[in-house]
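Visitor: This is the structure I have questions about; it appears just below.
The values are calculated or read from the model by the stated rules, or taken from the named source; none is laboratory data. Since we're looking at a predicted model, the values are computed, not measured. Virtual Cβ from ideal backbone geometry, glycine too; neighbours counted across all protein chains shown. Surface accessibility is based on the protein's heavy atoms, side chains included, excluding ligands, DNA and RNA. Shrake-Rupley method; radii C 1.70, N 1.55, O 1.52, S 1.80 Å.
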Amino acid sequence: MASLCRDCLLTGPDSNRCASCRSPRVITHPELLDLSIAHMDCDAFYASVEKRDNPDLADKPVIIGGGRRGVVSTACYIARIRGVKSAMPMFQAMKLCPDAVVVKPRMSVYADISRQIRQMMDELSPAIEPLSLDEAFIDLTGTKKLHGAPPAVMLAKLTKRMRLEIGLTGSIGLSHNKFLAKIASDLDKPHGFSVIGKCDTTSFLNNKPVRLIWGVGKAMQESLEKAGIRSFNDLLRWEQRDLNEKFGQMGDRLWHLARGEDYRSVKRNALIKSISNETTFSQNTSDPIILDGHLWRMCEKVSERAKVKKLAGRVATLKLKTSSHKILTKRATLREATQLADTLYHALRDMFEQRDLNTDYRLLGAGLSNLCPESDAERSYDMLDAKAEQRGKAERASDAIKEKFGPSAIIKGRALR
């Protein structure tokens, strides 16, 4: 039985404490030094960044989000103990945790830290598949000779570097496929390291609820329950053909996952299909000035994310939700791909002007899709808009100033509406 000390990285036989540094942070498993598919998930990433940057928040419940009718982006573990969850309406979160400190997201800061962590992961393996700013799959197959150490040791070294150099912790799930690696990373949080080996796959999945399957949302869960499927044991009673007939392509996936089988590879360059941002207003409104201010801020956030990812988009999308919860979506194909907030704003503004002026709205969103590399963007400017080029150059100049002096160095008056 192999063991690994997550503090000094010593490997050896099964032990409750490290033989070298006496740390109790020892992980033991018979396949520990042989497995190579991992999932790394930063612990309460946004909230942890805010606590790191503001020590006064260290012992307080922190919620990243904003507005009584907004939603929770994430919450620290203190707030989670009170029942606060990601995507929960803010009003509900504040009822559960009225003493929480609410912090607005700082996406540019989170993206910069994410790049630092990604660079550390790139040093381990070329096969990195990011799922978001704070989590990724890592395939370390065949890297033992390169690093002179098994994947488990290099993963423990990664989270140790994150803690010492960046001041953040992450949890590792190590297994023989992506499905089980992602499940494992949630088993021991925060700052955890869990292993699901081939030898214990069947026993681990025994009678576990199907909601463990990544991608099985509320609607799919309801469909499965109607068919009498609540656990992995229930799935095992179904023939593969019957699951396919009942649930289509998902049925085939369910049949394999029920047996712990997942043949997907870790894809380094998994395509991002779209970049979007939306906000729910604290009060329903039809005020054109207020709505215009929100539209500009959404465009700024989409632009910021596109620039961070070095992408541009050829299709602009406007999303509106009325006070009666009716969702209106409009799209426009741009003459050229863009990542500029100004270009996106003017494209959406034309569609925005066509809304019903007598309707109150509760949500507004902006997005870019049909993405391409940023090198394909803004090769020329709209000749029908005499000031387009001037505004584009001004935005690039503003970006340079913000990068040097911070995101609040320059704020457009439109953003204050």
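Visitor: Rank these by accessible area, largest first, 1.4 Å probe: Thr285, Thr343.
Guide: Ranking Thr285, Thr343 by accessible area, largest first, yields Thr343, Thr285.
Visitor: Where does the charge balance sit around Leu320 when Lys and Arg score +1, Asp and Glu -1, over other residues with C-beta under 10 Å from its C-beta?
Guide: +4
Visitor: Related question: Applying 1/(1 + (r/R0)^6) with R0 = 56 Å to the Cβ-Cβ distance of Lys273 and Thr11, what FRET efficiency is obtained, to the nearest 0.05?
Guide: 0.85
Visitor: While we're on this one: Normalised by the number of residues in the range 146-203, what is the relative contact order in percent for Cα pairs under 8 Å and 6+ residues apart?
Guide: Reported relative contact order: 26 percent.
Visitor: Can you list the cysteines of the chain that have no other Cys Cβ under 4.7 Å away?
Guide: Cys42, Cys76, Cys97, Cys199, Cys299, Cys372
Visitor: Summing -39500 (n - 2.57) over the DSSP H runs of n ≥ 4 in the chain and dividing by its residue number, what mean residue ellipticity at 222 nm do you reach, to the nearest 500 deg cm²/dmol?
Guide: So the helix-based figure for the chain works out to -10500 deg cm²/dmol.
Visitor: Please report Rg over Rh for the chain, where both radii come from the alpha carbon positions and Rh follows the Kirkwood definition.
Guide: Reported Rg/Rh, Kirkwood definition of Rh: 1.00.
Visitor: A further question on this structure: How long is the gain from Arg331 to Leu357 if the chain were fully straight, where each residue apart is worth 0.36 nm and the alpha carbon distance is subtracted?
Guide: 7.4 nm
Visitor: Go ahead and set up a Gaussian network model of the chain, Cα springs under 10 Å, then flag whichever of Trp238, Trp255, Trp296 fluctuates most.
Guide: Maximum fluctuation in the GNM of the chain, among the listed residues, is at Trp238.
Visitor: Hey, another quick one. How big is the dipole moment of the chain about its Cα centre under a simple scheme where the beta carbon of each Lys and Arg is +1, that of each Asp and Glu is -1, and everything else is neutral? Debye, nearest 20, please.
Guide: Result for the chain is approximately 420 debye, rounded to the nearest 20.
Visitor: Just want the answer: with Cβ charges of +1 for Lys and Arg and -1 for Asp and Glu, which residue in Gln249, Ile290, Gly260 is farthest toward the dipole's positive end in the range 240-305?
Guide: Gly260
Visitor: Summing +1 for each Lys or Arg and -1 for each Asp or Glu, what net charge is found among the other residues whose Cβ lies under 12 Å from the Cβ of Pro30?
Guide: Around Pro30, the surrounding residues sum to -3.
Visitor: Now, a different point. Between Asp43, Asp186, Asp350, which gets the highest mean-square fluctuation from a Gaussian network model of the chain, Cα cutoff 10 Å?
Guide: Result: Asp350 has the largest fluctuation of those listed.
Visitor: Helix by helix through the chain, keep the DSSP H runs that span 18 Å or more along the axis on Cα and average at least -0.5 on Kyte-Doolittle, and give those back in order.
Guide: 107-122, 288-308
Visitor: For Met351, Met220, what's the largest-to-smallest order of accessible area, 1.4 Å probe?
Guide: I get Met220, Met351, largest accessible area first.
Visitor: Only sites in a loop by DSSP and with at most 11 other Cβ atoms within 10 Å count here; which trypsin sites (Lys or Arg not before Pro) in the range 1-98 make the cut?
Guide: Within the range 1-98, the qualifying trypsin sites (Lys or Arg not before Pro) (loop, at most 11 other Cβ atoms within 10 Å) are Arg22.
Visitor: Given charges of +1 on the Cβ of Lys and Arg and -1 on the Cβ of Asp and Glu, with all other atoms neutral, how large is the dipole of the range 178-255 about its Cα centre, in debye to the nearest 20?
Guide: With only Lys, Arg, Asp and Glu charged at Cβ, the dipole is about 140 debye.
Visitor: First measure r as the distance between the Cβ atoms of Arg25 and Ser223, then evaluate 1/(1 + (r/R0)^6) with R0 = 41 Å and state the FRET efficiency to the nearest 0.05.
Guide: It comes out at approximately 0.45.
Visitor: Just how large is the dipole of the range 1-113 about the Cα centre, in debye to the nearest 20, putting +1 at every Lys and Arg Cβ and -1 at every Asp and Glu Cβ?
Guide: 580
Visitor: Lysine pairs in the range 204-277 with alpha-carbon atoms under 21 Å apart, 8 or more places apart or on different chains: how many are there?
Guide: 5
Visitor: Contact order normalised by length for the chain, with contacts defined as Cα pairs under 8 Å and 6 or more residues apart; what percent is it?
Guide: Relative contact order here is 13 percent.
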